[in-house]
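These notes are about the structure you will find just below.
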Amino acid sequence: MIYKEKVLLLHRNALIQEKIFNYLHENDYAVIMANNAENTFSLAKSMKPDIILWGDALTTHSKQVIRKIKSSPFGQNIPIIALIPDVELFERYEIEKDGISDVLDTMPKLPDLKLKIRSHLANRRRILQYEDKLRRLRALNELEFQLIQTREVIRACDLVDDYILNTYGVQALLTLVFNNKTKEYDYKSFLTPDTKIQQKLSTIFELKIWQKYFFANPKLETGRIVDHYILELFSTIGLQGVAFYQFPLQAMGKQIGFIIAGIGDEKDFNKEKIDEISQLCTALSSRVLQIRSIFAQTPVTREDTSAVKHLFLRLNEDEISNYLSQQLLSTLRADVCIYFNYNEGFRFLYPQYCYRSDKDENIFEDEKPPVLMLKDYPTFEQFLESRKMSVHYNLSEKPRKDLQAMAELAGKTYNSLLIFTVKVGNEIKGFFLVGAQNGLKRFTRSDIHRSEQMIQRATSALIESRVVRQAQVTIKQLDRIFDLSKELTLENDIEDLLKKIGKAIRRTLGWNIVLVERRNLYNARYENVCALGLKESEFELLKQTYPDSLYLALKDHCYKISNSCFYDHEKGDGAITPADQKRFQRSIGKEWDDEDWILVPIQSRGRELGYIAVNDPVERVRPTEEKVRSIEYFANQAAVALENASLYENLKSSELKYRLLAETMTMGLVTCDFNGSIIYVNKSLSNMLKYERSESLLQQNIFDLCSNKTRNDFEKGVLQMIKSGKDEKKNAKEGIEIELLANDNTYIPFKIYLTDYYQQTKKVGFLGVLSDMRPQRRIERLKADFNSMIVHDLRSPLNIIQGYIDIVRNQVVGQISEEQSDLLFIAKENVDKVLKLIDNFMTASKMEAGKFDLEMETHSLNSVIEAVYEHNLVLAQKKDIEMSIDLDPNIALMEFDKMRIEQVLSNYISNAIKFTDKGGKVEIRSKLVKEYNELTSEESMAVHVAVKDSGVGIPYDEQDKVFNKYEQTEAGKDASLKGTGLGLAICKEIISLHKGEVWLESEPGKGSTFYFSLPIKPLKI
C-alpha cells in the first residue's frame, strides 16, 4: 500500500479551500479540511498530519491554538504554512515565534504551494530520520558504557542480545562465546519465538558445526550467510528468518565467538544497522577479553539488587540512613554502627542513629548526643579532606583519642573502627562509623566492598528521587515562565511587562521583596520599574542610601552565586578574595538577614539592560544556586522583552536612516536577484556609469555589463554565496574586482562587496556596495610605467652580460678550462633566472595597469601541449620523474593566444617537476567537456587541461591563496624551491582574459592537480 502524505487544511474562504483541496488531492495528497481553529487542533491530534496549511486569520486565539499544536508531542515536527495577506517585517518575526514555518499569500499560486509543501515535507523527513538515528546512537553509547561497567561475560552478552532484539527487530538470535582455556562456552543463547526449541537447546549447542564452520574459520567476516548447507541447518534447528547475517566476535586477532541474526524484513535491515551491530560486537569482544584477564581470579556472583533499589526509592534520606545503619551492622558482623549527619556550612557532625549488636533499637532515640564540631576531631577531619570512600583504623595498634571519643557515644569502648562516607552527587551528607570491640577484628576487602556498594545503591536511589523532586519543582516554575513568555509576545508596553515579571518572581519563587530597574541606554542611569513588598517610606530610604542604584553600589562587593551576586552585610564593602568565596559557599543554607541582597543582572549580548534585586525569602535561609537560577530564568525573559522593545524602536528609525544613506553615499549601491537582474541602483552608481537616470539601469543584467575577464570571478563569487553562504563574509570583507560597461561604452573598474538580499525573510538575491577603482588604477598605471623603465634599464646590461658569457663559453676569445666553463654555465643560468624574473615582473605590472593584451589566433591546443611536454621532458628525466600525456582527440582547432597558453602550461609543468621528488610522476591531460552556468542556466563547450603530480601537496589552509600575487605556500618558501609568487597569478590573469578559469585539487603529502579551462567559441570563417 502506497503511503499518502497527510495535509490538514484550514481556510477562511470556502471557495479557495475547496480549490486547494482538489489540487492537492489530484497530486496524491490525503487532505482533510478543518472548520475552525479548535477543530484544527482536535484533527491534528487525531490524524497527526504531515503538514498544516493555516488560512484562517491570525487572531490571538489562533496563535494560541498554533502554539498549543507546536508544543504538543504530536505537533513538534509538523510544519505550518500560514496563508495570509502580506505582513510587515516585525509582524512576520512575531509569526515565526508563534511556530509558523512559512508564509504564502491568502490565495497562493497552486504550483508554488505544491513546491513549498514538498520542500517542508522533505525537510521534516530529514529531521525525523536524524532524530531516529540520534536515538539509536544514544542507546548504543549507553549500552557500550554498561558493557564497560559489567564484570561478567554472561551479563555483557545478555545486554548485547537484548539490545539487538529490541532495536533491530530480528526474528531469531544465536550467540556463542567459547573459552579456549576451559574448552567450554562462557555464553550460549538461542532466542526465538518458538517455545518448542527451548526443550532441545542443549542438543543444538553441542552441534559440531559451530566449531568446524565458525570457530575454526579465522577469516570469518561480517555479512550475509549464503552457504546452502548452513542455511538448511538453520531451517532444521528452527532458526527463523528470510535472511541470516553473521557477526564474528574477534579481539586481538582471536575469534572468541559469533552472533547469528535471523532477519524478517531484509529491506529494513540496511548497511547502517549492520555496521552498528558490527561495532557493538567489537565492543563486546574487547570487554569479554578484559573480563577474562582482569577478573579471572575473582569470579563475580550475581546479586539481585532490584528489590533493594525499589525499597530505597520509597524511603527518604533519614529512613535510608536508619536502614543502612542496621544493614551495615549485620553485613560487617560488627558490634556497633553510628550514623553522623554532616553540615558542610558549619562543619559539624550530628549523631543521628546508633545500633549495637546487643540491642535492636536506636540508642539515640530517647536521648540525643551533643553536636560534634569537626575542628575538635582532627583525625576525622583529615579523613574528610582525603575524599576517600572508606578507611579503617586499629586503635589497639595506634590510639586516636578523637575517634575513640566518637565511638564511645554508643556507651562502650571500640578498638577496630571503619568509617564510610555518604555522598549524594558531589555533596557529603554524612558518615557511618562501624566498630568492633576486639582490636584484632579485621574487616575483609570483600566485606568493605559490599558495604560500599550498598551505600552507593542507596545514594543513587536518593539522587534519582531528588532529581525527580527537583524536576517537578523546576517544571512548575518553567510552566509559569512559559505562561509569562506567552504574555510577553502579546504585550506592547515594556513597563507592564517588567512589572508582570516582578510579580511572577514574588508569587512563584517565594521572595517577599522584589525590585526591578531598567537601564536608560541614553544616559546609563537606572530607572525603577517596580518595588514590590516595600512600603513607600522604605523605598525612599533605599533610594537615599543608594542614589545611583542598589546594583551599582553593591555589585563590586558581592559574592558570585551562579551568574548573579550575593551581598553579605557582614562582609560590607571590602574586596572579595578567593578564600572569602570559598567560605561563602559553605555558608549556603545559613539563616537569611534582612540586610542581605540577591542581585540578578538583566543582560543581553554582553550589555546590561537592568537588574532584579530580591530580599526576604519565605524560607529565611540563604538560597542555593538552583534557586538563584530560577530568578535568572525570569531575568532572561526580562532581557528578551527589553531587547525586543529596543529592536522595535531601532527598526522604525533605521528604515529612514538607511534609505537616506543609500541615496547620499558616495559609493555605488546595487541590488540584484540571483540571475543578475538589477532591482535597485543608487544615484552615485548611475552617475559613475554615466546614466542620467537610475531607472535606465533597472532590469539590465549586471553580469552582461561585466567585462569578459572579470565576469567569471563575479559569477563564481555570487554562486558560492548562493550554495553555502560560507564565502559571504569573505566577499563582504575582501570584495571582488569587476569592470562594468558605462553608458559611453567604456569599462569602469570597481571593487564590489557582496551580502545577502532578503525579501519577507527569504534570501532572493544579493546587495553589492561598489567602490570606484579608477584612482587606484591611475596610480597602478604610473607604477607600471615606472616599473617598465626600471625593467628596461635592468634588462639591457643583463643581455650584454649574457652575450659576453656566451662568447667566452664558445671560446671565441680563447681557450678556457672545463672548470671555467662550468662556472660560466652557472653564471648564465643565474642570468637566465634574473631575466625570467624581470619578464614576470614586467608582465605583472602590465596586468595591474590594464595594458596586457592577447593576440588571438587559431591553433591546435593539443599540439601546443605536446610541444611544451617535449620541451620539459629532459628536465623531468634529469630528476628521474616519469612524465606522461593523455590528450582528448575530439578537441578541434580553437582561438587562443599561443604564446600565453604556452606560458601557462610551462609554469604548471615546471612547478609540478619542481615540487615532485625523485622517482615521482607527472601527468598532463586535456578533455573536452560541457559546462553549465548555474546562474544563467546556459550550456557551453570548453576544454579542461590538467597537470597532475605526486609531489608534496598543498596544505588545505593555503590552497585559497595559491593564485594570488606574491603569495607562496610553505613548501614554496624552501630556499631550493623559492620563486617570486607571480607565476600562478600571471597564469590566472591569462586564463581570465581567455574567459576561462583556474583551480586546483590537492591533498598534503599525496600531490596536486592544477587545472585551467578554455571556452570553445565557433570559429569565424
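The values are calculated or read from the model by the stated rules, or taken from the named source; none is laboratory data. What you are looking at is a predicted structure, and each value in this text was computed from that prediction instead of being measured. Glycine also receives a Cβ, built like all others from the backbone with ideal geometry; neighbour counts cover every protein chain displayed.
The table that follows gives values for the structure above.
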{"read-out": "Odd one out for TRP511 among (1) more than 30 Å from SER646 (Cα to Cα); (2) buried (at least 17 other Cβ atoms within 10 Å of the Cβ)", "value": "(1)"}
{"read-out": "Those strands (runs of 3 or more DSSP E) lying entirely in the stretch 500-595 with at least 1 residues at pLDDT 85 or above and in contact with a Gly (Cβ under 6 Å, 6 or more places away or on another chain)", "value": "511-519, 526-532"}
{"read-out": "Positions within the stretch 919-945 being without any contact (Cβ under 8 Å) to a residue 40 or more places away in the chain and either within 27 Å of ASP673 (Cα to Cα) or acidic (Asp, Glu) (or both), in sequence order", "value": "LYS930, TYR932, SER937, GLU938, GLU939"}
{"read-out": "Filter result (surrounded by 13 or more Cβ atoms within 10 Å (Cβ to Cβ) and either not small (Gly, Ala, Ser) or not assigned by TED's automatic domain parsing to the domain that holds MET373 (or both)) within the stretch 393-407", "value": "TYR393, ASN394, LEU395, ARG400, ASP402, LEU403, GLN404, MET406"}
{"read-out": "Residues that are closer than 27 Å to GLU938 by Cβ and surrounded by 14 or more Cβ atoms within 10 Å (Cβ to Cβ), drawn from the stretch 674-690", "value": "PHE674, GLY676, SER677, ILE678, ILE679, TYR680, VAL681, LEU685, LEU689"}
{"read-out": "Cβ-Cβ under 6 Å pairs, at least 6 apart or on other chains, the stretch 245-262 side in the same structural domain as TYR213 (by TED's automatic domain parsing) and without any contact (Cβ under 8 Å) to a residue 40 or more places away in the chain, far side part of a loop (DSSP other than H, G, I, E, B) and of a type outside the set (Asp, Glu)", "value": "GLN246/ILE225; PHE247/THR222; PRO248/LEU220"}
{"read-out": "Residue in the stretch 141-151 that is over 22 Å from LYS762 (Cα atoms), acidic (Asp, Glu), in contact (Cβ under 8 Å) with a residue 12 or more places away in the chain and out of contact with any Cys (no Cβ under 9 Å at 6 or more places or on another chain) present", "value": "yes"}
{"read-out": "Qualifying residue in the stretch 94-111 (condition: at pLDDT 85 or above and assigned to a helix (DSSP H, G or I))", "value": "yes"}
{"read-out": "Selection from the stretch 659-693 of residues that are within 37 Å of the chain's Cα centre (by Cα) and of a type in the set (Gly, Ala, Ser)", "value": "GLY676, SER677"}
{"read-out": "Some residue of the stretch 872-885 being within 15 Å of HIS944 (Cβ to Cβ), in the same structural domain as LYS914 (by TED's automatic domain parsing), acidic (Asp, Glu) and touching a residue at least 40 places away in the same chain (Cβ under 8 Å)", "value": "no"}
{"read-out": "Test: residue in the stretch 817-835 that is within 30 Å of SER684 (Cα to Cα) and among the aliphatic types (A, V, I, L, M)", "value": "no"}
{"read-out": "Lone qualifier among VAL952, VAL945 - being buried (at least 19 other Cβ atoms within 10 Å of the Cβ), over 38 Å from the mean Cα position of the chain (by Cα) and either modelled with pLDDT of 95 or more or in a loop (DSSP other than H, G, I, E, B) (or both)", "value": "VAL945"}
{"read-out": "THR175 being closer than 30 Å to GLN211 by Cα, touching an Asp or Glu at 6+ places or on another chain (Cβ under 9 Å), in a helix (DSSP H, G or I) and outside the structural domain of HIS11 (by TED's automatic domain parsing)", "value": "no"}
{"read-out": "The stretch 430-450, residues that are modelled with pLDDT of 85 or more and surrounded by 19 or more Cβ atoms within 10 Å (Cβ to Cβ)", "value": "GLY430, PHE431, PHE432, LEU433, VAL434, GLY435, ALA436"}
{"read-out": "Filter pass, PRO351 being touching a residue at least 12 places away in the same chain (Cβ under 8 Å), surrounded by fewer than 15 Cβ atoms within 10 Å (Cβ to Cβ) and touching a helix residue (DSSP H, G or I) at 6+ places or on another chain (Cβ under 9 Å)", "value": "no"}
{"read-out": "Odd one out for ILE838, checked against (1) assigned to a helix (DSSP H, G or I); (2) modelled with pLDDT of 80 or more", "value": "(2)"}
{"read-out": "Breaking point among (1) among the hydrophobic types (A, V, I, L, M, F, W, C); (2) in contact with an Asp or Glu (Cβ under 6 Å, 6 or more places away or on another chain); (3) surrounded by fewer than 17 Cβ atoms within 10 Å (Cβ to Cβ), for LEU332", "value": "(3)"}
{"read-out": "Sole residue being modelled with pLDDT of 85 or more and either under 42 Å from the mean Cα position of the chain (by Cα) or not β-branched (Val, Ile, Thr) (or both), chosen from PHE312, PHE348, PHE295", "value": "PHE348"}
{"read-out": "Residue among LEU24, LEU15 that is farther than 17 Å from LYS70 by Cα and either free of Cβ contacts under 8 Å to residues at least 60 places away in the same chain or of a type in the set (S, T, N, Q) (or both)", "value": "LEU15"}
{"read-out": "Test result for LEU231, closer than 23 Å to ASP268 by Cα, touching a residue at least 24 places away in the same chain (Cβ under 8 Å) and surrounded by fewer than 17 Cβ atoms within 10 Å (Cβ to Cβ)", "value": "no"}
{"read-out": "Qualifying residue in the stretch 58-71 (condition: more than 21 Å from LEU128 (Cβ to Cβ), assigned to a strand (DSSP E or B) and without any contact (Cβ under 8 Å) to a residue 60 or more places away in the chain)", "value": "no"}
{"read-out": "Test result for LEU110, more than 28 Å from ASN77 (Cβ to Cβ) and of a type in the set (A, V, I, L, M, F, W, C)", "value": "no"}
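So that you can scan it fast, the table gives a plain yes or no per residue for (1) of a type in the set (A, V, I, L, M, F, W, C); (2) assigned by TED's automatic domain parsing to the domain that holds ALA985; (3) modelled with pLDDT under 90:
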position	(1), (2), (3)
ARG659	no, no, yes
ASN687	no, no, no
GLN700	no, no, no
PHE703	yes, no, no
ARG711	no, no, yes
ILE722	yes, no, yes
GLY725	no, no, yes
ALA732	yes, no, yes
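Condition check ((1) part of a helix (DSSP H, G or I); (2) closer than 20 Å to LEU669 by Cβ; (3) of a type in the set (D, E, K, R)) across all residues:
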residue: LEU767; (1), (2), (3): no, yes, no
residue: GLU780; (1), (2), (3): yes, no, yes
residue: PRO797; (1), (2), (3): yes, no, no
residue: SER821; (1), (2), (3): yes, no, no
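Matching residues to (1) more than 45 Å from the chain's Cα centre (by Cα); (2) part of a helix (DSSP H, G or I); (3) surrounded by fewer than 22 Cβ atoms within 10 Å (Cβ to Cβ):
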| position | (1), (2), (3) |
| --- | --- |
| LEU875 | yes, yes, yes |
| VAL904 | no, yes, no |
| LYS918 | no, no, yes |
| VAL929 | no, no, yes |
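Here's the yes/no breakdown for (1) more than 38 Å from the chain's Cα centre (by Cα); (2) under 19 Å from ILE612 (Cα atoms):
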{"position": "VAL514", "(1), (2)": "yes, yes"}
{"position": "ASN523", "(1), (2)": "yes, no"}
{"position": "VAL529", "(1), (2)": "yes, yes"}
{"position": "CYS558", "(1), (2)": "no, yes"}
{"position": "ILE561", "(1), (2)": "no, yes"}
{"position": "GLY574", "(1), (2)": "yes, no"}
{"position": "THR577", "(1), (2)": "no, no"}
